[in-house]
Amino acid sequence: MKFLCLVYFEPHRMHALSDAEGAELRRKSIEKDEDLRRRGHLIAATPLRPVDTAVTIRTRGGKLVTTDGPFAETKEVLGGFLYIEAADMDEALRLAAEVPMAQYGSIEVRQTQVQDQCGT
């Protein structure tokens, strides 16, 4: 089964980290990605550019409407994702709990609806 793990955090918490703390978080995140890949769970993972670079689109009445920034008013923003393989939701939750960013924000775990859409 494949699961998408969406990593959310409050940007001001990330900006408050010292350079050393930020470097340590990045190191731990890369190590965890490599560990999950070695164990056969990680399909893909990446951080996202800052939320102020986002554009949200909608189509209404056949017209394209764009909005700068994230789609909803919230303190936490989507900061990245992991696409993983797990036997079931319980294993997916255990794997997501290992991700270092879980201590700074939240990780939403959802099973993908179509399992082979990406050729995996």
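Let's see how each residue does on (1) surrounded by 12 or more Cβ atoms within 10 Å (Cβ to Cβ); (2) in a strand (DSSP E or B); (3) among the hydrophobic types (A, V, I, L, M, F, W, C); (4) in contact with a helix residue (DSSP H, G or I) (Cβ under 8 Å, 6 or more places away or on another chain):
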| site | (1), (2), (3), (4) |
| --- | --- |
| 8 | yes, yes, no, no |
| 14 | yes, no, yes, yes |
| 27 | no, no, no, no |
| 37 | yes, no, no, no |
| 43 | yes, yes, yes, no |
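Pairs are defined by a Cβ separation below 7 Å, a sequence spacing of at least 6 or placement on different chains, a first member in the stretch 26-50 that is more than 24 Å from residue 75 (Cβ to Cβ), and a second member that is of a type outside the set (A, V, I, L, M, F, W, C) and assigned to a helix (DSSP H, G or I); the pairs so defined are 32/100; 42/33.
Scanning the stretch 2-21 for residues that are closer than 29 Å to residue 86 by Cβ, modelled with pLDDT of 95 or more and more than 13 Å from the chain's Cα centre (by Cα) yields one hit, 2. Counting only strands (runs of 3 or more DSSP E) wholly contained in the stretch 59-115, the ones carrying 3 or more residues that are at pLDDT 85 or above, surrounded by 12 or more Cβ atoms within 10 Å (Cβ to Cβ) and not charged (D, E, K, R) occupy 77-85, 105-111. Scanning the stretch 45-58 for residues that are surrounded by 12 or more Cβ atoms within 10 Å (Cβ to Cβ) and in a helix (DSSP H, G or I) yields one hit, 51.
The values are calculated or read from the model by the stated rules, or taken from the named source; none is laboratory data. Just so we're clear, the structure is a prediction, and the values are computed from it rather than from any experiment. FYI the Cβ positions are ideal-geometry reconstructions off the backbone, even for glycines, and counts take in every protein chain you see.
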